[in-house]
Amino acid sequence: MGITSWKSKIRETLKRFKNFQPPADETPAMKSFEEQRISEAAYDSHDRGNRSVALNRITGSVGRYKDFDSQFRPKQRATSERLEWIKNAMRQGRNLGPVKLYQIKDDFFVLDGNHRIAAAKALGQDEILAHVVELVPTDDSLQNILYRERADFADRTRLPVEINLTEVTQYAHLLDQINEHQKFLKQQGEKAVSFEDAALDWHKTIYRPLCNIIKNGRLVDYFPERTVADLYAYITLHQWKEGRKRRYGIGIGKFIQNNMEAFRRKMAELKDCEYPEMKHGITVFILMSVQAKKEIKLMEKIYELEPVREIHSVHGDVDLLVKVVLTRDLLSSDAEIISEFVHDKIRQLPGINSTTTLIPGISKIKEPA
């Protein structure tokens, strides 16, 4: 290779180094409060008071969105001393007071307390105490109408937690429930009961227990686009307001009654964090055809399964007869529970040729003499 060629390559390399720019920070930029406010036309303010806010929902800052990245890490080294002081104060358990946030829909923006949020994130905390002022969008889109209904519900109830519905007009149904509960509480005592107090008692004694039944029953798994609050509203609308007889798996009416206050009384009889029995037995007979000379080994393995109550080796078209008592969860179907047991516990055993499942319709059982 000639000298001229080498000189050319050297000049190109030096030029690349001269023009080299370090890669831009790949961390997403923090959201701008003003841009979000203008985009959502969010100008109607509502003071929500003090509440715990998840740190991962704080996505921007009112005036300092250029000083921190999206994870609230300071971009300027000069701010690190203050950050370290706040982190040490938090480690010592000092009360630094609530930060101040604006809320626009699901996002929160820092008005005061950027360093406290940065410190909380650095220490691995999940939540922070904040004084929240919510700015509600004024445009009349369907999404904004729902959002304003949610904001109005929060204003009237002053509940310390959010209730998120995905359909318009459903918050009115919840407000009607609280009104009814307020009347009930007034009838039970001599003292006047405010709407906010009735809302808090409704949430504690009615809404939260039923939501726990829905969660434990895993009903929400079958409606991925809905929230637990949606299912609460749907079920109570049919069970308590319209009085319709509906089936939810094994019949949720058995667990929540058909009257809101009757349900509340049942919850009051339970200990804290204890909820109605959510299991129900299913008796199943399974007929099995198995490979020759494997009956005894299969009987031993199957008999070890907890739901199996009896197992018999029989003569005829089948080889084994098994009686099983399965337990189904609230709202689960018979077919789902039986299919899961037969497929996962029985058919996986080597030596099983085929199975037939029988479910009793009407049974009569004699007790031992």
Looking only at segment 166-192, and only at residues there that are assigned to a helix (DSSP H, G or I) and among the charged types (D, E, K, R), the one that is nearest to A229 (Cα to Cα): D176
Top-ranked residue in segment 285-316 [being assigned to a helix (DSSP H, G or I) and of a type in the set (V, I, T); ranked as modelled with the highest pLDDT]: I302
Cβ-Cβ under 9 Å pairs, at least 6 apart or on other chains, segment 128-156 side within 25 Å of D176 (Cβ to Cβ), far side in a strand (DSSP E or B) and of a type in the set (G, A, S): E134/A42; E134/S45; V136/A42; V136/S45
Any hit, segment 203-217, residues being among the aliphatic types (A, V, I, L, M) and either closer than 24 Å to A130 by Cα or exposed (fewer than 13 other Cβ atoms within 10 Å of the Cβ) (or both): no
Strands (runs of 3 or more DSSP E) within segment 64-139 that include 2 or more residues on the phi < 0 side of the Ramachandran plot and surrounded by fewer than 21 Cβ atoms within 10 Å (Cβ to Cβ): 107-112, 127-137
Neighbours by Cβ (under 6 Å, 6+ apart or cross-chain): first from segment 165-186, closer than 12 Å to D201 by Cβ; second outside any helix (DSSP H, G or I): Q182/V193; L185/V193; K186/V193
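The values are calculated or read from the model by the stated rules, or taken from the named source; none is laboratory data. Computed from a prediction, not measured in an experiment: that's the story for all the values here. Methodologically, a virtual Cβ is constructed for each residue, glycine included, from the backbone with ideal geometry; neighbour enumeration extends over all protein chains shown.
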